[in-house]
Amino acid sequence: MRGLVATVERPLTPQRRLVAYHGSPRSYEALILPDTPEAEVRAMLEPQIDAVYAGGHTHVQFIRHLGPTFHFNPGSAGFAYRQGQANGPDFRADPWAEYALLSADGSRLALEFRRVPFDVDRLIDDYRAIAPPNAEEWIRRYGRT
């Protein structure tokens, strides 16, 4: 953990850079959701016109426009689910992995959200074979018992 880099920056185009992080550029635990008030998002990101912002932590795909730039969340490759569910017996995980492709062509950017289904039964078999802590809870979240 000592070597963890909280924020990574990479060039996208001669005019734009990607700023990538878990929660926000300043906080691993920050939550940026589709309905987070814009003033709060701006306070967390302090958006610059030459940057595109990519963060996760909330397991939901979305894009937030911030004037001439944007923040996006690619979703979750390991545990996708619909926001707004109560964390109880009816909570369900989605049977797919989510990710996003951000590409640059000259000064133009393109963002594409993708979902790829996976074999939930095989995942459940692996949970049972490996028996990690809380395995039955994770299995229940996929609608299996």
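Scanning segment 34-52 for residues that are surrounded by 12 or more Cβ atoms within 10 Å (Cβ to Cβ) and within 20 Å of LEU102 (Cβ to Cβ) turns up PRO34, VAL41, MET44, LEU45, PRO47, GLN48, ASP50, ALA51, VAL52. Would you mention how many residues in segment 115-138 are over 19 Å from PHE91 (Cα atoms) and assigned to a helix (DSSP H, G or I)? Number satisfying all stated conditions: 6. How do the strands (runs of 3 or more DSSP E) wholly within segment 1-114 filter down when requiring 3 or more residues that are in contact with a strand residue (DSSP E or B) (Cβ under 9 Å, 6 or more places away or on another chain) and within 30 Å of ARG140 (Cβ to Cβ): which remain? Filter on segment 1-114 gives 96-105. If you go through segment 25-67 and keep only what is hydroxyl-bearing (Ser, Thr, Tyr), modelled with pLDDT under 95 and under 12 Å from the mean Cα position of the chain (by Cα), you end up with just THR58. HIS65 satisfies every condition listed in (1) within 25 Å of ALA43 (Cβ to Cβ); (2) touching a residue at least 12 places away in the same chain (Cβ under 8 Å) except (2).
Within segment 70-95, the only residue that satisfies the criterion of being polar (S, T, N, Q), surrounded by 12 or more Cβ atoms within 10 Å (Cβ to Cβ) and farther than 29 Å from PRO47 by Cβ is GLN85.
The values are calculated or read from the model by the stated rules, or taken from the named source; none is laboratory data. Just so we're clear, the structure is a prediction, and the values are computed from it rather than from any experiment. Note that we place each Cβ from the backbone using ideal geometry, even for glycine, and neighbour counts take in every protein chain shown.
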